[in-house]
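Asks: Okay, here's the structure, questions in a sec.
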Amino acid sequence: MDIELLSPAGSFEAMQAAINAGANAIYFGVEQLNMRSRSSGGFTISDIAEVSERCHAAGVKCYLTLNTVMYEYDMQLLQAVLKTVKEHKVDAVIASDFAVIQSCAMMGITLHISTQANVSNLESVQFFARFADTIVLARELTLKQIAFICNEIKRKQIKGPNGELVKIEIFVHGALCMAVSGKCYLSLHSKNASANRGACLQNCRRKYKVSDAETGESLEIDNEYIMSPQDLCTINILDEVLQTGVTVLKIEGRSKGADYVHTTTSCYREAITAIQEGTYNAARVEEWMTRLSTVYNRGFWEGYYLGREMGQWTSKPDSIATEKKIYAGKGVRFYPRINVGEFFIEKGTLQEGDELLLTGNAFGMEKISFDQVLVNGEKKDKAVKGDSITFPFPHKVTTTDKLYKLVNA
């Protein structure tokens, strides 16, 4: 069975990192019509052409998320986006609003139903199969429930508009929301910033006090952030996940950096291959878990897939990644005849033994050792603010590329 690994892209750097790490497809958003419009910055309509061109040149599919609630004043922008999607042959649109669903049907654009539709049963799958070739199931289902849906699709031969059996997609890694399939109103209620319009302020990730309405006495809730779930991670049960019959595995994280996208994508790509080749085992799972822990995470659990009725909550408000990246500088120029890149140090000190992280539009993410660099054209044991460093590098360097130092958190 062919398994599609679908990775997030909130920037060109993240998109290229996903491609380099072995993603079969990426998903991205434009303007304010996607659920990460506030946190990821995202792309604009004018970027759609480049996203499509670069992905297809690499043999990777690209899907555009239009998964917010749509209002009347969004219709003109929606039509402009869909026209550009069709013109540049974006592979599919991911949506849950019926205005988008109808527009895609009328324009002949391939549609995937978003997890925002909260599809949790076979009857819903049958309904949406009239419009969509792929359906993303609700995140609250168990593997047993998912397997039933997948088996019934085959038994009943439920097909999408393309004439093939409907594909089932589920999330396998990344942030979870305390609300059912992400339909939260906390941010809207408190700050008039709707999560269902991509503007979530993540109030749930904070620490709270409980107050007695009569006496005013308050107690601070300790130990756990009771509305902030730990991140989903299924790499330790991925063999069971694949046994359900799902064909698309989705990684959350369009607001994350290229390092997160590259690490998560490469780990799940290796795990999928290991399962297919019969080399998936506890030792490899441990190694993947160690690598996944180095990038942004709030702690891991398997979500509701194993039948848990209650969430597993974080003990800290932010990431507990074992590695931390510290900004150090930016790209200056590239010397193509000798394949050397130059970066300018704007902050801090780099020294022998340091591991450096480079991110850029053209190459995604690369890691090098400080031991490979020259400082102001000479071999030195450290570089400080104001210094220029050069090193062998196979990719074009631009002034928007960034340099970080990796340290233990």
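The values are calculated or read from the model by the stated rules, or taken from the named source; none is laboratory data. These numbers come from a predicted model, not from an experiment. Cβ atoms come from the backbone with ideal geometry, glycine included; neighbour counts cover every protein chain shown. Keep in mind that these areas ignore ligands, DNA and RNA; they rest on the heavy atoms of the full protein, side chains included. Shrake-Rupley method; radii C 1.70, N 1.55, O 1.52, S 1.80 Å.
Asks: Being touching a residue at least 24 places away in the same chain (Cβ under 8 Å) and either assigned to a loop (DSSP other than H, G, I, E, B) or among the small types (Gly, Ala, Ser) (or both) is the filter here, so list the residues in segment 339-356 that pass it.
Replies: The answer is 339, 341, 346, 347, 348, 352, 354.
Asks: In this structure, does residue 96 turn out to be more than 26 Å from residue 19 (Cα to Cα), within 19 Å of the chain's Cα centre (by Cα) and touching a residue at least 12 places away in the same chain (Cβ under 8 Å)?
Replies: Numbers: more than 26 Å from residue 19 (Cα to Cα): yes; within 19 Å of the chain's Cα centre (by Cα): yes; touching a residue at least 12 places away in the same chain (Cβ under 8 Å): yes.
Taking the combined requirement at face value, the residue satisfies it.
Asks: Of the residues that sit in segment 298-331 and are closer than 30 Å to residue 368 by Cα and assigned to a loop (DSSP other than H, G, I, E, B), which one is modelled with the lowest pLDDT? Reasoning before the result, please.
Replies: Step one: of segment 298-331, the residues closer than 30 Å to residue 368 by Cα are 298-300, 318-331.
Still in the list and also assigned to a loop (DSSP other than H, G, I, E, B): 298-299, 318-322.
On the way: 298: 90, 299: 90, 318: 81, 319: 89, 320: 89, 321: 94, 322: 95.
The extreme case among them is 318.
Asks: I would also like to ask the following. Among (1) touching a Phe, Trp or Tyr at 6+ places or on another chain (Cβ under 8 Å); (2) within 28 Å of residue 165 (Cβ to Cβ), there is one condition residue 15 misses while meeting the rest; what is its number?
Replies: All conditions are met except number (2).
Asks: May I ask you to verify whether residue 348 is surrounded by 14 or more Cβ atoms within 10 Å (Cβ to Cβ) and farther than 28 Å from residue 22 by Cβ?
Replies: Working: surrounded by 14 or more Cβ atoms within 10 Å (Cβ to Cβ): yes; farther than 28 Å from residue 22 by Cβ: yes.
Yes; evaluated as a whole, the condition is true for this residue.
Asks: Right, here's the next one. Return the residues of segment 269-290 that are basic (Lys, Arg) and either outside any helix (DSSP H, G or I) or under 27 Å from residue 133 (Cβ atoms) (or both); say none if nothing qualifies.
Replies: Of the residues in segment 269-290, the ones basic (Lys, Arg) are 269, 284.
Selection gives 269 alone.
Asks: Among the residues of segment 1-15, which ones are at pLDDT 95 or above and over 30 Å from residue 331 (Cα atoms)?
Replies: Those that are at pLDDT 95 or above and over 30 Å from residue 331 (Cα atoms): 3, 4, 5.
Asks: Pick out the one residue from 145, 126, 116 that is part of a helix (DSSP H, G or I), under 19 Å from the mean Cα position of the chain (by Cα) and not basic (Lys, Arg). So that I can check it myself, show each step before the final result.
Replies: Numbers: 145 fails: under 19 Å from the mean Cα position of the chain (by Cα); 126 fails: under 19 Å from the mean Cα position of the chain (by Cα).
Sole residue among the options that is part of a helix (DSSP H, G or I), under 19 Å from the mean Cα position of the chain (by Cα) and not basic (Lys, Arg): 116.
Asks: Which members of segment 253-294 meet the condition of being open to solvent by less than 10 Å² (accessible area, probe 1.4 Å) and under 18 Å from the mean Cα position of the chain (by Cα)? Reasoning before the result, please.
Replies: At the first step, the residues of segment 253-294 found to be open to solvent by less than 10 Å² (accessible area, probe 1.4 Å) are 253, 258, 260-261, 264-265, 267-268, 271-272, 274, 288, 292.
253, 258, 260, 261, 264, 265, 267, 268, 271, 272, 288, 292, listed by residue number.
Asks: Going through segment 130-169 one residue at a time, which ones are in contact with a Pro (Cβ under 8 Å, 6 or more places away or on another chain) and among the acidic types (Asp, Glu)?
Replies: Kept after step one, since they are in contact with a Pro (Cβ under 8 Å, 6 or more places away or on another chain), are these residues of segment 130-169: 130-133.
Across segment 130-169, the qualifying residue is only 133.
Asks: Which residues, taken from segment 144-166, are open to solvent by less than 20 Å² (accessible area, probe 1.4 Å) and closer than 23 Å to residue 301 by Cα? Walk me through it before giving the result.
Replies: Keep residues of segment 144-166 that are open to solvent by less than 20 Å² (accessible area, probe 1.4 Å), which gives 146, 149-150, 153, 158, 160, 166.
Matches in segment 144-166: 146 only.
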